[in-house]
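Okay, so here's the structure we're looking at.
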Amino acid sequence: MHNKQILVLGGAGYIGSHITERLSAKGYKVIVLDNLYSGHIKSIDYLEDRVIIADITQKTLHEVHERFGKIDGIIHFAGYIEVGESMKNPYKYIQNNISRSAEILEFMKDADIRSLVFSSSAAVYGDKNKGKITERTRKKPINVYGLTKSVFEDILFHYDNIFGVKSICLRYFNAAGASHFRNIGEDHPNESHLIPLVLKTALGQRDTINIYGDDYDTPDGTCIRDYIHVDDLAEAHIFALETLMEKQQNHIFNLGVGRGYSIKEIIDISKKITKIDIPSKIADRREGDPAILVADCDLIFQKLGWKAKYDINDIIKTAWNWHSKNPEGFKDLKK
Ligand SMILES: NC(=O)c1ccc[n+]([C@@H]2O[C@H](COP(=O)([O-])OP(=O)(O)OC[C@H]3O[C@@H](n4cnc5c(N)ncnc54)[C@H](O)[C@@H]3O)[C@@H](O)[C@H]2O)c1
């Protein structure tokens, strides 16, 4: 058992709730702060009074600190995540993902907390990449969401230089799948991710799944992405947090599997797993969708010894288990 106390910001969200589950299972004392903008209290209700429903501000963070005592590390998932919305309402994203996030750094500096693990994104890289993307690939975000992640990474660099606040930024590719350990899974209010949309189509909640473009320069013409199981992400966060608390070194790591699947392949695998003939139709390309986004994950393996354990079949099987058991997501779960 650990006696370390970890504050998880955005811990009622999709990825945060899976990390909270793993941290708790490993014996960490976890506190979640979440404003429930897109999170679900039912995903972490076992934490009881260790869940604080509030916006991130220096004031609320100091209150949490006073109430619970020493905080050994912070994991920061709390952000807005919709690329399309970020291009319609950039200020909303700048305000939450940069300005509010800076409140955390001011709090950490004042409260002398040195370790932050930050949810960054492959969206920092942009769309002109050939082959696998390494952490040295130039950052060139093409949407405001990616820009906010890139800017916050740069702010972290300066908060280390000036105040010694250390961080590990994890640039996730496509997070997917559902927990192997608890009845929790993906339930975003305006779902835009491919696998839940495909499975909701299988459940008959949608008529068809749109394939945005089948004339890309890929073997079957559809876009290729790197899907990583959310339980693999959880383990990577724990490796990162433990390394950070122990060694106090900054890092930036890609988090993916290192293998890509096309949209058509995802639909075909989903048809096999669900045994349902999922209807799809070809639609126009979307602005700013890169043909291929696949991570080179060697760096995190070299530095932390972490490697993904689960493959695309595990991802779609666990997601199907979650969606078919809970077609309305957390609404289906009893308190
Ligand atoms: N899902 C992916 O594939 C993916 C890929 C790359 C990066 N990310 C990043 O990972 C993080 C988590 O993503 P997710 O899919 O779990 O999203 P999510 O929307 O399910 O979780 C975000 C959580 O943060 C909370 N939140 C947002 N703003 C807040 C604020 N100001 N104060 C308190 N709580 C706040 C929300 O209520 C929600 O519970 C995000 O930062 C996202 O940008 C996600």
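Please treat every number below as a calculation from the coordinates, not as lab data. Predicted, not measured: the structure shown is a model, and the values here were computed from it. Cβ: placed from backbone, ideal geometry, glycine included. Neighbour counts: every protein chain shown.
Using Cα atoms only, what is the angle between the long axis of helix 230-247 and the major principal axis of the chain, expressed in degrees (0 to 90) to the nearest 10?
So the helix axis and the longest Cα principal axis differ by about 30 degrees.
Find how many whole Å separate the alpha carbon centroid of segment 308-335 from the alpha carbon centroid of segment 1-78.
If you average the Cα positions of each part, the centres end up 22 Å apart.
Which number do you get for Rg(Cα) / (2.2 N^0.38 Å) in segment 234-335? Walk me through the numbers on the way to the answer.
Values: Rg = 18.0 Å, N = 102, 2.2 N^0.38 = 12.8 Å.
Compared with the compact-globule rule of thumb, segment 234-335 sits at 1.41.
What's the local net charge at LEU241, with K and R +1, D and E -1, over the other residues with C-beta under 10 Å away?
-2
Looking at the chain, send over the antiparallel percent of its DSSP beta bridges, to the nearest 5.
Details: 2 of 39 bridges.
In the chain, DSSP labels about 5 percent of beta bridges as antiparallel.
Going down the list LYS4/LYS307; LYS59/LYS92; LYS4/LYS149; LYS132/LYS309; LYS29/LYS271; LYS128/LYS272, which pairs span over 30 Å between their C-alpha atoms? Walk me through the numbers on the way to the answer.
On the way: LYS4/LYS307 25 Å; LYS59/LYS92 21 Å; LYS4/LYS149 28 Å; LYS132/LYS309 19 Å; LYS29/LYS271 41 Å; LYS128/LYS272 33 Å.
From LYS4/LYS307; LYS59/LYS92; LYS4/LYS149; LYS132/LYS309; LYS29/LYS271; LYS128/LYS272, over 30 Å: LYS29/LYS271; LYS128/LYS272.
One quarter of the convex hull surface, Cα atoms only: what value does that give for the chain in nm²?
About 15.9 nm², averaged over all directions.
Where does helix 144-163 land angle-wise versus the long Cα axis of the chain, in degrees 0 to 90, nearest 10?
For helix 144-163, the angle is close to 20 degrees.
Counting just the Cα atoms, what span does segment 1-141 cover along each of its three principal axes? Round to the nearest Å and put the largest first.
That gives 46, 32, 31 Å along the principal axes, largest extent first.
Grab the other residues whose beta carbon is less than 12 angstrom from that of ILE94, score K and R as +1, D and E as -1, and report the net.
Working: positive: LYS92, ARG100, LYS149; negative: none.
That sum, taken over residues with Cβ under 12 Å, equals +3.
How many nm separate the modelled label positions at HIS188 and LYS272, each set 7 Å beyond the Cα in the direction of the Cβ?
Each label point lies 7 Å from its Cα, and together they span 2.6 nm.
Can you work out the FRET efficiency for the pair ARG206 and GLU287, with r the C-beta to C-beta distance and R0 = 22 Å, to the nearest 0.05? Mind showing how you got there, number by number?
Working: r = 22 Å, r/R0 = 1.01.
Efficiency computed from Cβ-Cβ geometry: 0.50.
Measure off 7 Å from each Cα along the Cα-to-Cβ vector at LYS26 and GLU328, then give the distance between these two points in nanometres to one decimal.
If labels sit at LYS26 and GLU328, their model points lie 3.6 nm apart.
Quick check: residue separation of ASN3 and GLN58 times 0.36 nm, minus the Cα distance between them. What number comes out in nm?
Working: separation 55, 0.36 × 55 = 19.80 nm, distance 2.48 nm.
Extending this stretch completely gives an extra 17.3 nm.
Relative contact order of segment 1-121, please, whole-number percent, based on alpha carbon pairs below 8 angstrom and at least 6 residues apart. Provide the component values of the computation, followed by the final result.
Details: 181 pairs, mean separation 33.6, N = 121.
Contact order relative to length: 28 percent.
Take the alpha carbon atoms of segment 141-181, find their radius of gyration, then divide it by 2.2 N^0.38 Å using N residues; give the quotient.
Details: Rg = 14.1 Å, N = 41, 2.2 N^0.38 = 9.0 Å.
Ratio of Rg to 2.2 N^0.38 Å for segment 141-181: 1.56.
At 222 nm, what helix-only mean residue ellipticity would the chain give, in deg cm²/dmol to the nearest 500, using -39500 (n - 2.57) for each DSSP H run of four or more?
Working: 11 runs with 124 residues, N = 335.
Taken over the chain, the calculation gives -11500 deg cm²/dmol.
Need the full-extension length gain, LYS307 to GLU66, defined as separation in residues times 0.36 nm minus the C-alpha distance. One decimal, nm.
83.1 nm
Defining a contact as two alpha carbons under 8 Å apart and six or more residues distant in sequence, what relative contact order in percent does the chain show?
Numbers: 665 pairs, mean separation 63.8, N = 335.
The normalised contact order for the chain reaches 19 percent.
Nearest 0.05, what FRET efficiency do LYS247 and ASN161 give at R0 = 22 Å with Cβ-Cβ as r?
On the way: r = 18 Å, r/R0 = 0.81.
The calculated FRET efficiency here is 0.80.
Using a simple spin-label model with points 7 Å from Cα along the Cα→Cβ vector, what separation in nm is obtained for ASP112 and LYS128?
Between ASP112 and LYS128, the simple spin-label model gives 4.8 nm.
Report the net charge of residues surrounding ASP187, where surrounding means a beta-carbon distance below 10 angstrom and charges are Lys +1, Arg +1, Asp -1, Glu -1. Show your work: numbers first, answer last.
On the way: positive: LYS42, LYS331; negative: GLU186, GLU191, GLU328, ASP332.
With Lys, Arg at +1 and Asp, Glu at -1, the net is -2.
What ranking do 171-183, 5-17, 35-47, 321-333 get when scored by the average of other Cβ atoms within 10 Å per residue, highest first?
Details: 171-183: 21.3, 5-17: 26.2, 35-47: 18.5, 321-333: 15.7.
Highest to lowest by the protection proxy: 5-17, 171-183, 35-47, 321-333.
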